[in-house]
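Below is one structure, written out as structure tokens; the observations come after it.
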Amino acid sequence: MIFSALANELAELESRGLKRVRRTLQTPQSARVTADGREYLAFCSNDYLGLANHPGLVRAAQEGCARYGVGAGASHLILGHGEAHHALEEALARFVALPRALQFSTGYMANIGVVAALVGRGDTVFADRLNHASLNDACLLARAEFKRYPHLDLGALEKLLAASRSRRKLVVTDAVFSMDGDIAPVPELVALVERFDAWLLVDDAHGFGVLGERGRGVLSHFGIESPRVIYMATLGKAAGVLGAFVAARTEVVETLVQRARSYIYTTATPPLLAHALLASLDLIEGGQWRRDRLARLIRQLKSCLAASCWPLMPSDTAIQPLAIGGNAEAVAVSEQLAQHGILVPAIRPPTVPQGTARLRVSLSAAHSEDDVAQLVAALNEISRKA
Ligand SMILES: *Cc1c(COP(=O)(O)O)cnc(C)c1O
């Protein structure tokens, strides 16, 4: 029976400490939330600037709704592409200083669309082993040869590129690794793709809005200008809304309009969200104090947990994972924190490699120094009892 087979598989997940359960949130995303009827201090979201429930964004969404209605009603190529989408794409391209940008419904869809539009059979994709699942899925879907190199290992990547006889070569990397918080050596990657006549797809889901001058992202952070870079960022994290965009040379972006299946065969995002995202861009650009505050909280957490029994992984970004190791232990610490009224997710395989389960603390400008102090005190208390 297929159903009993599924039940057995689910029971096995549970026995291995890998079953995932959802909490139900009753409030907007924020530092303090109510979930399953209880109040918590939360370090779970990717809302790094605290914009997800910003009154200016709420107002812009309402205004966009009044102006454009709720549903887009059609795909972009069949009259679903509105003036708000168009204005947003122009503003995004200007913001990241690339010739043209294209909005996608989600980051997952952007990655799936871009990789398969640019490479296929006979081509090769070179991918960091710790890339986000959406990039891995994109590479499999593209049917190109898929070569993964050890995390950040430029020497290994160079050997793979040198040995490749493929017509088209695409290197793909997270800019800020989503479960580790470390930053890819993008300038060195750009030098390699230039040397080997390849492209570089950079997924800046966790850098856009946070890194670089005025939050322009990882390219600005490193001062990179190269026509070989295909820049992708998401709009549901620091930008506080939903969606993603890809920015690159005009030929690349026009190719996506013609060929990216996850762009073509799907309904356009509600235009009210594009309208809200225009307001979000203004808040990102004008709100340097949010990035400064986030940087202070990151420094505070790192210095307070420097002597913790669970070491913080090497990261200077808002993603601050505590290395735990075992799945059951990671879940146990996360549950004990919840009993203290603090939510920090336990991240387990297959999201991260076997034996590297961790607590993924994510900080936001919505947090206060007192919130971080509470987290540190709870962790210290739990580790004393462990
Ligand atoms: C979150 C994330 C995505 C997916 O973006 P969504 O808009 O949530 O679908 C892609 N890449 C990375 C690195 C991410 O962290």
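The values are calculated or read from the model by the stated rules, or taken from the named source; none is laboratory data. Fair warning: this is a prediction, and the values are worked out from it, not measured in the lab. All Cβ positions, even for glycine, are placed from backbone atoms using ideal geometry, and neighbour counts span all protein chains on display.
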For this session: Mind checking which helices (runs of 4 or more DSSP H) fall wholly inside segment 132-196 and carry at least 3 residues that are within 16 Å of the ligand (Cβ to nearest atom) and of a type in the set (Gly, Ala, Ser)?
Result: 133-142
Exercise. Any idea how many residues of segment 288-340 are part of a strand (DSSP E or B), at pLDDT below 95 and within 25 Å of GLY50 (Cβ to Cβ)?
Worked result: 1
For this session: Check whether at least one residue in segment 240-255 is under 24 Å from HIS367 (Cα atoms), in contact (Cβ under 8 Å) with a residue 40 or more places away in the chain, surrounded by 15 or more Cβ atoms within 10 Å (Cβ to Cβ) and aliphatic (A, V, I, L, M), and report yes or no.
Result: yes
Exercise. In segment 118-132, is there at least one residue being under 30 Å from LEU363 (Cα atoms) and either in contact with a helix residue (DSSP H, G or I) (Cβ under 6 Å, 6 or more places away or on another chain) or among the small types (Gly, Ala, Ser) (or both)?
Worked result: yes
For this session: Could you check, for segment 257-269, whether at least one of its residues is within 15 Å of the ligand (Cβ to nearest atom), in contact (Cβ under 8 Å) with a residue 12 or more places away in the chain, among the hydrophobic types (A, V, I, L, M, F, W, C) and in a loop (DSSP other than H, G, I, E, B)?
Result: yes
Exercise. Of everything in segment 88-135 that's crowded, with 19+ Cβ neighbours inside 10 Å and among the polar types (S, T, N, Q), which residue is farthest from VAL186 (Cα to Cα)?
Worked result: SER105
Exercise. Considering only residues of segment 212-236 that are assigned to a loop (DSSP other than H, G, I, E, B) and buried (at least 24 other Cβ atoms within 10 Å of the Cβ), which is farthest from the ligand (Cβ to nearest atom)?
Worked result: GLY217
For this session: Please name all residue pairs, on different chains or six or more residues apart, with Cβ atoms under 9 Å, provided the first residue is in segment 51-63 and is under 17 Å from SER30 (Cα atoms) and the second residue is of a type in the set (D, E, K, R) and surrounded by fewer than 19 Cβ atoms within 10 Å (Cβ to Cβ).
Result: GLY56/ASP282
